[in-house]
1. Can you give the calculated 222 nm mean residue ellipticity of chain A, where each DSSP H run of n ≥ 4 adds -39,500 (n - 2.57) and the sum is split over every residue, rounded to the nearest 500 deg cm²/dmol?
2. Using packing as a proxy for protection, rank B:80-88, B:15-23, B:38-46 so that the peptide with the highest average count of other Cβ atoms within 10 Å comes first.
3. In whole Å, what is the distance between the alpha-carbon centres of segment A:81-139 and segment A:142-201?
4. Determine the shielding of peptide A:88-99 by partner chains: average, over its residues, the number of Cβ atoms on other chains within 10 angstrom of each Cβ.
5. Charges only on Cβ, +1 for Lys and Arg, -1 for Asp and Glu: so what's the dipole of the protein assembly as shown about the Cα centre, in debye to the nearest 20?
6. Is the shape of segment B:77-123 rounded, prolate or oblate, going by the alpha carbon gyration tensor and its root eigenvalues a ≥ b ≥ c, with a/c under 1.5 for rounded and a/b larger than b/c for prolate?
7. Could you tell me which chymotrypsin sites (Phe, Trp or Tyr not before Pro) in segment B:41-99 are loop residues by DSSP with no more than 14 other beta carbons within 10 angstrom of their beta carbon?
8. So what's the protein assembly as shown giving for Cα Rg divided by 2.2 N^0.38 Å, two decimals?
Amino acid sequence: MAGIEIRNLRKQFGDLHAVDGVDLSIRDGEFLVLLGSSGSGKTTLLRMIAGLERPTAGEIHIGGERVDGDVPPRARGIAMVFQSYALYPHRTVFQNIAFPLEAVRTPRKEIEEKVRWAADMFSITRYLDRYPRQLSGGERQRVALCRALVRDPKVFLLDEPLANLDAKLRNTARDDLKRFQRQIQTTTVYVTHDQVEAMGLGDRIVVMEHGKVRQVGTPQEVYEDPVDTFVATFVGQPPMNLLDLRDPSLAAGTLVGFRPEHLLPRSVFGPGEDLRTVRFAVRRVEYLGSDRYVYGSVLESAAPDATVIAKLPATIALAIPEGETHEFAVPRRLLRYFDAASGLRRRP
Amino acid sequence: MKRVALYAAALGFVVFAGFPFYWMLVTTFKQNRDLYVGASDLSHIPWIFNDPPTLEHVKLLFGQTDFPRWVLNTLLVVAAVVVITVAVAVPAGYSLARLAGRWGERMGMGIFFTYLIPPTLLFVPFSRLVSLLGLQNSLASLILIYPTMTIPFCTWLVMGFLRSVPWEIEEQAMIDGYSRLAVILKVAPRLIVPGILTVVVFTFTLVMQEFVYALTFISSVEKMTVSLGVPIALVRGDVYHWGALMAAALFTSIPLAVVYNLFIDREPTFHHPFTRGGCHENPNGIVLRAHRRGSVHPLGCSSRRGPAAGRTGGQARGGGDAHHYGFHKRHSLHQP
């Protein structure tokens, strides 16, 4: 059990600043998700925590002990699961899980016990005699987690462990993973580019871009109160709408942001609500079962061609004819304001 | 229907690959009259025994040449060169691929280019070197010189192979409790067994068929290797002792084909794990790639092995190899 402190961490590959001054404080027992697109530095950050990459500058403390520098991966009290699972191909599932225990010369009997315990936890006892190639993706992923678990690590480092699973399996695997982490209460750092995974798993999310941390917060904070336009558009599907409404009450160069699910026909709101009403020229309506996506443009906008998306839940049965202009509205309390030049949040 | 096409293709391949072997076999045991009459008599059928078979050519090969001795010499040289090559090329390839960063790749290319300098150029300085060391007319000269062609190629081969083995497995081992050195000594070797086998096979092949250096450095008959002794002893002036030549080719290539087949049959079991066991690469892809590289070899000696070792079923495998060896023997026979 241990928290992780990261101070002003940097990693340069030639001219590329893969990680560019990251400060992060990961609490004991926390499930922290590093979210970013490829090249955002999230994997490099994870690999530096693991000790597989040497930082150019900065400090890493795991459980109060400084580990950047010469503490090798094996001595950091971590366990890691790679995207490819990195199972040893010539070893059975049992031998794979036993591998970290053998490395530290654990007695035979204890190995047996621990492996069985871990395999039981992930219900893969049946497969202990098989080879990795005889397993499905989901089973391999669980073997990799088992192997991480038997080390009894202070910290779990997971590098996109669900990315290789098919979409159906990913949901259950996500649930399993979260329950497992709650149960063992071990600090976990999880890297992903999938914002749904990040929202679903993380106690807190770290949004990264170009080697820098953009925002750290709970899924709710990151979703509802993005600190800048990058986070606003990166988190959420479809992304937040950002418009310059040329509102005289706002300072020049202010972008107004609102989530697609908050942009609804004027008529569905009650009379007492404080609304920002816009004229919405509907181009196309996409029927998705539980929702309808309405694509169009806002006529008040400084760039009237920019596509704006409204997401209407199935509970709103109102007909929205394509090619017509409708009155839509967003509750004012749900509007977010950003500076157009810097992208940063701004008070209205 | 698809199956029929597959088997037809396999059969065609087997015939194509097995024919040189058959031809060697028939020629070995044919009487001379049966061999040469086809030139004047058009009704003569060349691929069957028209006269009763004879052991005449085999007796010539074993009785009047030092063939058994050459086989022994060849095995000795091959064994020594294989050991040297594996000992040097595997660690070199590993370091260049895993530890040397960007420069490793460039150096690997550089090393590979040295392989492209043909022996026909290099034998001049090498012969001076060999005589300076006092190794003229000894097998030691070949054991010294052959690694100059096998090591660069095999280093490059190992590098290429390692590119297909995810580094993550070794990183995982470092996290799981091993030091980098322990990973290199204990974990990595097991992962690169298929690469090592490929190195052994290529070294074998390159050395078996080598002619120029052997011709340059070896002068006494009892120190020759098969690839040198056979054409020198059995092509006298413009008299080709075809029966005995083919007998030599046959007796050298059959055991080799059998041994190589053992390798090939084993290789898939080594390969599968990489792919199915946790990464995306196709295991056969590894073999195929390695062997395609092999086909860069100017004599094209290895180009047939890839598909045989890779995807095709059992029947085609033997065929692939048979062809392969038929090919290389033929080559060495053409040399004089």
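All of the numbers you see were taken from the coordinates with simple rules; none came from a lab. Computed from a prediction, not measured in an experiment: that's the story for all the values here. Because the Cβ atoms are built from the backbone with ideal geometry, glycine has one as well, and the counts that use them run over all protein chains shown.
1. On the way: 8 runs with 85 residues, N = 348.
Computed ellipticity for chain A at 222 nm equals -7500 deg cm²/dmol.
2. Numbers: B:80-88: 18.3, B:15-23: 16.4, B:38-46: 9.4.
Ranked from most to least packed, the peptides come out as B:80-88, B:15-23, B:38-46.
3. A separation of 17 Å, based on Cα centres.
4. Details: counts 10, 15, 9, 3, 0, 0, 0, 0, 4, 0, 0, 6.
Across A:88-99, the average partner-chain Cβ count within 10 Å equals 4.
5. Working: 75 positive and 62 negative charges, 214 e Å.
Using only the charged Cβ atoms, the result is roughly 1020 debye.
6. On the way: a/c = 5.09, a/b = 1.28, b/c = 3.97.
Oblate, because a/c is 1.5 or more while a/b does not exceed b/c.
7. On the way: sites: B:Trp47, B:Phe49, B:Phe62, B:Trp70, B:Tyr94; in loops: B:Trp47, B:Phe49.
Taking segment B:41-99 and a limit of 14 other Cβ atoms within 10 Å, the loop chymotrypsin sites (Phe, Trp or Tyr not before Pro) found are B:Trp47, B:Phe49.
8. Details: Rg = 34.8 Å, N = 684, 2.2 N^0.38 = 26.3 Å.
Dividing the Cα Rg of the protein assembly as shown by 2.2 N^0.38 Å gives 1.32.
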